[in-house]
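> Would you mind keeping the following structure in view while I ask a few things?
The values are calculated or read from the model by the stated rules, or taken from the named source; none is laboratory data. All values derive from a computational prediction rather than experimental measurement. Glycine also receives a Cβ, built like all others from the backbone with ideal geometry; neighbour counts cover every protein chain displayed. Side chains included, ligands, DNA and RNA excluded: accessible areas come from the protein's heavy atoms. Shrake-Rupley method; radii C 1.70, N 1.55, O 1.52, S 1.80 Å.
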Amino acid sequence: MKFIKVMFIFIFLLITIAGCAEQKLLEQVGLTTLLGYDLGENEKLSTTAVIRQVNPEFQSNVEIVSAENETARGSRAEINRKTSKKIMSGQMRVVLFGEELAEDGIAHHIDTLSKNSDTSGSIIVAVVEGETKSLLEYQFQEIDDIGTHIYKLLEQNIKNEQMISSSLHEVAHDYYSLGRDIAIPIIKRDKEHVEISGVALFDKGKMVGKLSTEESFYVKLSRDLYDSAMFEITIPKEALPESQTKNSPEKIPVVIDTINTKKQVKLINPQTPEFDMHITVNGRMLEIGANMDLDNPKNVKKLEEEIGKSIAKNLERVLVYCQDVNSDAFGLGEYYRSSVRHSNLTHEKWHELYSTAKVNIKVDFTILRSGIFE
Amino acid sequence: MFKKRFNRSSKREKPSIDANENKKSESNQKENVFPSSSKDYLQTIKDHTNNPSDLVVKTISPNITVTYMNSLVDDRTLKEQLIPELIRHKFETPESLKSSLFIPEVDVDDQINHSVLSMYNGTVLIHLDGFSQVVLAKITTTVSRALAAPENESQVIGAQVGFNESLSSNESLIRRYIKNPELCNERFNVGKQTNTTVAFFYIKGIASEQMVNTLRQRISDLKIDSLLDSAVLAEYIDDNSLSPFPQMLLTERPDRFCDGLLNGKLGVIVDGSSMAILCPHAFIEFFQSREDQNLRWPIASFLRLLRFSAVFLSIYLTPLYVAALTFHYEIIPQSLLVPLSESRALVPFPPIIEALLLELIIELLREAGARLPTKVGQTIGIVGGIVIGTAAVQAGITSNILIIIVALSALASFTTPSYMMGNVIRVVRFPLILLAGFWGFYGIMLGFCFILIHLIRQSSLGSPYTAPFYPPRFMDWRDSIIRLPLPFTYKRQKSVRPQNEEKYQPEPINPEKS
């Protein structure tokens, strides 16, 4: 009898609540692939959405709709009024912020996006030089689907470690954690292309500074670890033995493929505060602008030293700039917080300390391979 | 649940029936014995058999009467051996007749019922005037097709012989594989009307005695009307007849059957059925083929993994499609989004209707193919595959991605070596599609849990159905979804509870020697 009762209840529930789940049929939803936020007029938020439309008549096309409203949800409703399909954000891959809005503060948006269960944590966040609306609405000749294009552009560069990873998850982590600030890529339109032009530095939720793409390498070097990135560096001619640098320019360019990096940060003086940052880089040399005899271990040693020095010098320069704009993209605060007990660190307190922080940077560079000659 | 009730009621009824029978047999003791005079004997036989047209009564010499069923007796043996011998010699007693007959199965009996019944198994009754006993000489003729390759369980490498419908030839096949006096063979008569012979095989010293007793009890307790096929018997004697999952293997391969016996399993063969029952059989073993033993172990392991993943593929692929397209567009990979939505754009139905429609078409094709004669069946396959498949897409009734998915899951379900299990896998998909269409992944998970709990609750002849995974028997994993080399699998499966766990004493593996 129990069996029959259970089966009866089961079938009863099956029939009665069969239609209760909200259906989102694939062909009936408009899939937002990219969302751009700008600062609109009168403190309003201007939203531009790239929506993928699939119609049987004209295969698939991309619709760009924008709306202005006080809130993100409000503009979504407004966009919904302009499209034939229900707008859904489950397939969203990229969120862009206009420069002006970024300087005004993106904290609210990061909070909203993280709270929305529809959006995944792997969304890539980036800043646009100028306005997102003008970037998205520009009719690129060779780009069909601007949403997917920007996503692939950013994803590819992040995967190859050419750019700091800026998934929503990581950005939210940086935002909420004490002693680490957000650093996300900046993109811009360059004639008929979209390109990554640098890195935006944030102080809490506000954009405070910019670094070039070359400099972004050093931010990433001190922030994360590398496995496979390639970078270019110059070393002064004088530093190398004269016999090796005939017919070479004043500054010799060297291209290095990083194989792995190790980073050690130690707080040695909590008062100032003073840090010791020791970075070990193992790399493979791809190109060098001088006819050096790399079979000679002495030359190699010298070259390694010089590259290490050069990296350290550049790193220091970037660090000073970051301290200037008061953005702790290096995450030094985390080391401080984990080394000093009962520090009762707050964001303000740390940033006061940070601006006066001293970092002794030491870079050990090792060339593992320098190419094969036949 | 139902099973328990069934058991309880049968227990209640059993003693009363036994008591009745006892009383009857006591009172009828005298009537059951043959009369000694030839004339009365003939009358008795005629009374007990309703005098059918194929009953032959012959008086060979004044005191010897022979009765038999014409259709069941081997004519040649009768004419060339039995009757000349009866004419040549003079017999004093049935005992001396028995000892001088040169026929393998000869017996002396005085019970009418038993003797008459044995006549229907091809026995010749020889009555000597003046004795109340008859000599039973069994010279059965078997009407059966020749041994042929097993059609439902074909394999590439290995023996190409299958059981046929004759019990004696099946028995001989088994005896040829296992030449061992420990191979026990018990007989039962099942079915009030059909009196079907059921043979029960096991190897003494390997098979668990408790299981042998259980199965023997289950078969001998059966009070059924008729038994025409072993599949029916399997349903009568298995642990839970309500479950869609078969708990006993039906095989037509003698090598698979013998492999089971050698591993401590019990086998049952029903006269007139070309399928033998093998039990206890765990769920995982339905996806193993005898061929796995014949192949090298890495290849066999790969094939087993392939088959097992095919089960999941077959069950979950279509529901996943339905759930993803109805509720969870988020999980569709970006590269698949465009082709998927483009192919869906023309379809007028929601995914659940679309999927059910196509699954039904595939099932119809399969069923039509199975019912039609072989030659026509192939044509139906082509017609169904090409015409319905392409036409359905062009007409915009289904999306072509779904066609791929449905065809793939149908294909995957056919890789199961047991046809019975393959059927279950195909049918289980339908409720899951419904659940996926109603509640998406939640529905699929609900269905999955339901199936999993159901499987864990099942048992096969008392041994756990989901062994060796639940309860975990790590030693048995060596021969489950993978097959390790033979030296590693020298132990019998624990879930069968064999009396002798080791097949043989393994030699220590010495890599230097080889």
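> Would you be able to say whether some residue in segment B:191-213 is surrounded by fewer than 17 Cβ atoms within 10 Å (Cβ to Cβ), closer than 16 Å to residue B:167 by Cβ and in contact with a strand residue (DSSP E or B) (Cβ under 7 Å, 6 or more places away or on another chain)?
Scanning segment B:191-213 turns up at least one residue that is surrounded by fewer than 17 Cβ atoms within 10 Å (Cβ to Cβ), closer than 16 Å to residue B:167 by Cβ and in contact with a strand residue (DSSP E or B) (Cβ under 7 Å, 6 or more places away or on another chain).
> In this structure, is residue A:165 small (Gly, Ala, Ser), outside any helix (DSSP H, G or I), within 14 Å of chain B (Cβ to nearest Cβ) and crowded, with 17+ Cβ neighbours inside 10 Å?
On the way: small (Gly, Ala, Ser): yes; outside any helix (DSSP H, G or I): yes; within 14 Å of chain B (Cβ to nearest Cβ): no; crowded, with 17+ Cβ neighbours inside 10 Å: yes.
Here the answer is no, as residue A:165 does not meet what is asked.
> Tally time: how many residues in segment B:328-350 are touching a Phe, Trp or Tyr at 6+ places or on another chain (Cβ under 7 Å) and facing another protein chain (nearest Cβ under 7 Å)? First the steps, then the outcome.
So in segment B:328-350, the residues touching a Phe, Trp or Tyr at 6+ places or on another chain (Cβ under 7 Å) come out as B:328.
Those still in the list that are facing another protein chain (nearest Cβ under 7 Å) too: none.
Qualifying residue count, segment B:328-350: 0.
> Turning to a different aspect of this structure: From the list A:136, A:96, pick out the single residue that is under 23 Å from residue B:331 (Cα atoms) and crowded, with 20+ Cβ neighbours inside 10 Å.
Details: A:136 fails: under 23 Å from residue B:331 (Cα atoms).
Exactly one of A:136, A:96 is under 23 Å from residue B:331 (Cα atoms) and crowded, with 20+ Cβ neighbours inside 10 Å, namely A:96.
> Moving on to the next point. Looking at segment A:187-206, which of its residues are in a strand (DSSP E or B), charged (D, E, K, R) and over 21 Å from residue A:325 (Cα atoms)? Let's see the steps before the verdict.
Initially, segment A:187-206 is screened for residues in a strand (DSSP E or B), giving A:187-190, A:193-203, A:206.
Still in the list and also charged (D, E, K, R): A:188-190, A:195, A:203, A:206.
Correct list: A:188, A:189, A:190, A:195.
> What residue, among those in segment A:99-133 that are of a type in the set (Asp, Glu) and part of a loop (DSSP other than H, G, I, E, B), is least open to solvent (accessible area, probe 1.4 Å)?
From segment A:99-133, those of a type in the set (Asp, Glu) are A:99-100, A:103-104, A:111, A:118, A:129, A:131; that's our starting set.
Restricting the remaining residues to those that are part of a loop (DSSP other than H, G, I, E, B) gives A:118, A:129, A:131.
On the way: A:118: 38, A:129: 67, A:131: 86 Å².
My answer is A:118.
> Report whether or not residue A:145 is at pLDDT 90 or above and open to solvent by less than 30 Å² (accessible area, probe 1.4 Å). Break it down into steps so the answer makes sense when it comes.
Values: at pLDDT 90 or above: no; open to solvent by less than 30 Å² (accessible area, probe 1.4 Å): yes.
No, not satisfied.
> Identify, by number, the condition in (1) in contact with a helix residue (DSSP H, G or I) (Cβ under 8 Å, 6 or more places away or on another chain); (2) within 13 Å of chain B (Cβ to nearest Cβ) that residue A:131 doesn't meet.
Exception for residue A:131: condition (2).
> Within segment A:28-42, can you find the residues that are out of contact with any Gly (no Cβ under 7 Å at 6 or more places or on another chain), at the interface with chain B (Cβ under 10 Å from one of its Cβ atoms) and assigned to a strand (DSSP E or B)?
Selection gives A:29, A:31.
> Next up: Suppose we filter A:14, A:25, A:45 for residues that are under 29 Å from the mean Cα position of the chain (by Cα) and either at the interface with chain B (Cβ under 8 Å from one of its Cβ atoms) or over 26 Å from residue B:438 (Cα atoms) (or both); which single one remains? Step through it out loud before you land on a result.
Values: A:14 fails: under 29 Å from the mean Cα position of the chain (by Cα); A:25 fails: under 29 Å from the mean Cα position of the chain (by Cα).
After applying the criteria, what remains is A:45.
> Go through segment B:65-85 and count every residue that is over 17 Å from residue B:55 (Cα atoms) and over 38 Å from the mean Cα position of the chain (by Cα).
Looking only at that region, the number is 3.
> Right, next: Inspect all residues belonging to segment A:296-304 and state whether any of them is touching a residue at least 24 places away in the same chain (Cβ under 8 Å) and within 31 Å of the chain's Cα centre (by Cα).
yes
> Can I ask one more? Looking for something part of a helix (DSSP H, G or I), within 14 Å of chain A (Cβ to nearest Cβ) and buried (at least 18 other Cβ atoms within 10 Å of the Cβ) - is there at least one such residue anywhere in segment B:386-400?
Checking segment B:386-400: at least one residue is part of a helix (DSSP H, G or I), within 14 Å of chain A (Cβ to nearest Cβ) and buried (at least 18 other Cβ atoms within 10 Å of the Cβ).
> Would you confirm, using the coordinates I've provided, whether residue B:73 is in contact with a Lys or Arg (Cβ under 7 Å, 6 or more places away or on another chain), at negative phi and among the β-branched types (Val, Ile, Thr)? Write out each step before concluding.
Numbers: in contact with a Lys or Arg (Cβ under 7 Å, 6 or more places away or on another chain): no; at negative phi: yes; among the β-branched types (Val, Ile, Thr): yes.
Considered against the rule, which asks whether it is in contact with a Lys or Arg (Cβ under 7 Å, 6 or more places away or on another chain), at negative phi and among the β-branched types (Val, Ile, Thr), residue B:73 comes out as no.
> How many residues does segment A:337-354 contain that are open to solvent by less than 60 Å² (accessible area, probe 1.4 Å), outside any loop (DSSP other than H, G, I, E, B) and among the small types (Gly, Ala, Ser)? Break it down into steps so the answer makes sense when it comes.
To start, the set of residues in segment A:337-354 that are open to solvent by less than 60 Å² (accessible area, probe 1.4 Å) comprises A:340, A:343, A:345, A:347, A:350-351, A:353-354.
Filter once more, keeping what is outside any loop (DSSP other than H, G, I, E, B): A:347, A:350-351, A:353-354.
With among the small types (Gly, Ala, Ser) added as a condition, the list becomes none.
The total comes to 0.
> I've got another one for you. Check residue A:361 against each of (1) farther than 24 Å from residue A:200 by Cβ; (2) in a strand (DSSP E or B) and name the one condition it does not meet.
For residue A:361, the exception is condition (1).
> Within segment B:68-82, take every residue that is open to solvent by less than 30 Å² (accessible area, probe 1.4 Å) and among the hydrophobic types (A, V, I, L, M, F, W, C) and give me the one that is nearest to residue B:41 (Cα to Cα).
B:69
> Being among the hydrophobic types (A, V, I, L, M, F, W, C) and either on the phi > 0 side of the Ramachandran plot or in contact with a helix residue (DSSP H, G or I) (Cβ under 7 Å, 6 or more places away or on another chain) (or both) is the filter here; which residues of segment A:98-120 pass it? Quick ask: steps written out before the conclusion?
To start, the set of residues in segment A:98-120 that are among the hydrophobic types (A, V, I, L, M, F, W, C) comprises A:101-102, A:106-107, A:110, A:113.
The answer is A:107, A:110, A:113.
> Could you please tell me which pairs satisfy a Cβ distance under 8 Å, a separation of 6+ or placement on different chains, a first residue in segment B:311-332 that is closer than 13 Å to residue B:433 by Cβ, and a second residue that is among the charged types (D, E, K, R) and part of a helix (DSSP H, G or I)?
If the second residue must be among the charged types (D, E, K, R) and part of a helix (DSSP H, G or I), the pairs left are B:314/B:426; B:314/B:429; B:315/B:429; B:318/B:359; B:318/B:429; B:319/B:429; B:325/B:344.
> Looking at A:320, A:300, A:281, A:325, can you tell me which residue is of a type in the set (Val, Ile, Thr) and crowded, with 19+ Cβ neighbours inside 10 Å?
On the way: A:320 fails: crowded, with 19+ Cβ neighbours inside 10 Å; A:300 fails: crowded, with 19+ Cβ neighbours inside 10 Å; A:325 fails: crowded, with 19+ Cβ neighbours inside 10 Å.
A:281 is the lone residue from the list that is of a type in the set (Val, Ile, Thr) and crowded, with 19+ Cβ neighbours inside 10 Å.
> State whether one or more residues within segment A:64-84 are at the interface with chain B (Cβ under 9 Å from one of its Cβ atoms) and without any contact (Cβ under 8 Å) to a residue 24 or more places away in the chain.
Let us first name the residues in segment A:64-84 that are at the interface with chain B (Cβ under 9 Å from one of its Cβ atoms), namely none.
Checked against the condition, which is being at the interface with chain B (Cβ under 9 Å from one of its Cβ atoms) and without any contact (Cβ under 8 Å) to a residue 24 or more places away in the chain, segment A:64-84 yields no hits at all.
> Going through segment A:196-226 one residue at a time, which ones are in contact with a helix residue (DSSP H, G or I) (Cβ under 8 Å, 6 or more places away or on another chain) and open to solvent by 20 Å² or more (accessible area, probe 1.4 Å)?
Within segment A:196-226, A:196, A:197, A:203, A:204, A:206, A:208, A:215 qualify.
> Go over the candidates B:288, B:334, B:293 one by one and state the one that is surrounded by fewer than 21 Cβ atoms within 10 Å (Cβ to Cβ) and farther than 30 Å from residue A:30 by Cα.
Values: B:288 fails: surrounded by fewer than 21 Cβ atoms within 10 Å (Cβ to Cβ); B:334 fails: farther than 30 Å from residue A:30 by Cα.
So the residue among B:288, B:334, B:293 that is surrounded by fewer than 21 Cβ atoms within 10 Å (Cβ to Cβ) and farther than 30 Å from residue A:30 by Cα is B:293.
> Does residue A:5 satisfy the criteria of being more than 9 Å from chain B (Cβ to nearest Cβ), farther than 21 Å from residue A:148 by Cα, in a loop (DSSP other than H, G, I, E, B) and out of contact with any His (no Cβ under 6 Å at 6 or more places or on another chain)?
no
> If only one of A:161, A:155 is acidic (Asp, Glu) and at pLDDT 90 or above, which one is it?
Working: A:161 fails: at pLDDT 90 or above.
Result: A:155 is the single residue among A:161, A:155 that is acidic (Asp, Glu) and at pLDDT 90 or above.
> Quick check: is even one residue across segment B:401-413 within 14 Å of chain A (Cβ to nearest Cβ) and closer than 25 Å to residue A:25 by Cβ? Break it down stepwise before answering.
Residues of segment B:401-413 within 14 Å of chain A (Cβ to nearest Cβ): B:401-402.
Next, from what is left, pick out any that are closer than 25 Å to residue A:25 by Cβ: B:401-402.
Yes, some residue in segment B:401-413 is within 14 Å of chain A (Cβ to nearest Cβ) and closer than 25 Å to residue A:25 by Cβ.
> Of all residues in segment B:426-471, count the ones that are in contact (Cβ under 8 Å) with a residue 60 or more places away in the chain and outside any helix (DSSP H, G or I).
Number satisfying all stated conditions: 12.
> To continue, here is another question. Restricting the search to segment B:278-315, which residues are closer than 27 Å to residue B:404 by Cβ and in contact with a helix residue (DSSP H, G or I) (Cβ under 7 Å, 6 or more places away or on another chain)?
Scanning segment B:278-315 gives B:286, B:287, B:303, B:304, B:307, B:308, B:310, B:311, B:313, B:314, B:315.
> Still on this structure, please answer the following. Exactly one of (1) more than 28 Å from residue A:330 (Cβ to Cβ); (2) within 14 Å of another protein chain (Cβ to nearest Cβ); (3) open to solvent by 60 Å² or more (accessible area, probe 1.4 Å) is unmet by residue A:156. Its number?
For residue A:156, the failing item is (1).
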